[in-house]
Amino acid sequence: MGIGWACLSTTAVATTLAPWFERHQGRAVSIASLGASVQVPIFTGQRLRAEELSARADLAEAKAVLKQTKEIVELNAATARQDLTAAEAVWDASAGTIQQAERAYQIAELRNREGLSTQLELSDARLALQVAQANRAQAARDVQVARARVALLSQLPVAR
């Protein structure tokens, strides 16, 4: 072991190669500048298999997230359609409420003119009419918002 180390030491190698290097200096430099390296992993410690399993798990997770996203989009679409139906029903019902409030206000106005009721009754009828009109305006807004949501469903990137 000691002799082997002594023969391969830097001094021994330099002493052996120096004369050859001086004679063939041009070729030695060109050989030294040309080189190739090949690496073949013999023992990867199951690293490649682990990376493959990790990639498969990532793919399964991405597919699950996509499926869940599509289900959420379908649920949102169904909710938007139901919201539109409900908003239209409220809109239709508010028309009758306004008619009733207008008729009640006319009766309260007539009773007040004839002295059969108080100013408080007339104020209550007027307030009820204004609340019915405000509710009708809110219902109109809700219908327009619901229609816009339903119209925009086809623009979602997942819907395609």
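The values are calculated or read from the model by the stated rules, or taken from the named source; none is laboratory data. The structure presented is a predicted model; accordingly, all values stated were derived computationally and were not measured. Note that we place each Cβ from the backbone using ideal geometry, even for glycine, and neighbour counts take in every protein chain shown.
Listed here are the residues, each with its yes/no results for (1) free of Cβ contacts under 8 Å to residues at least 24 places away in the same chain; (2) surrounded by 11 or more Cβ atoms within 10 Å (Cβ to Cβ); (3) closer than 30 Å to residue 131 by Cα.
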{"position": "53", "(1), (2), (3)": "yes, yes, no"}
{"position": "68", "(1), (2), (3)": "yes, no, no"}
{"position": "81", "(1), (2), (3)": "no, yes, yes"}
{"position": "87", "(1), (2), (3)": "no, yes, yes"}
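Checking every residue in the stretch 104-125 against the condition of being out of contact with any Phe, Trp or Tyr (no Cβ under 9 Å at 6 or more places or on another chain), of a type in the set (Lys, Arg) and at pLDDT 95 or above gives zero matches. Beta carbons closer than 6 Å, at least 6 apart along the sequence or on distinct chains, never pair a first residue in the stretch 109-127 that is under 22 Å from residue 98 (Cβ atoms) and free of Cβ contacts under 8 Å to residues at least 24 places away in the same chain with a second that is loosely packed, with under 15 Cβ neighbours inside 10 Å and not aromatic (Phe, Trp, Tyr). State whether one or more residues within the stretch 130-151 are under 19 Å from residue 75 (Cα atoms) and not in a helix (DSSP H, G or I). Taking every residue of the stretch 130-151 in turn, none turns out to be under 19 Å from residue 75 (Cα atoms) and not in a helix (DSSP H, G or I).
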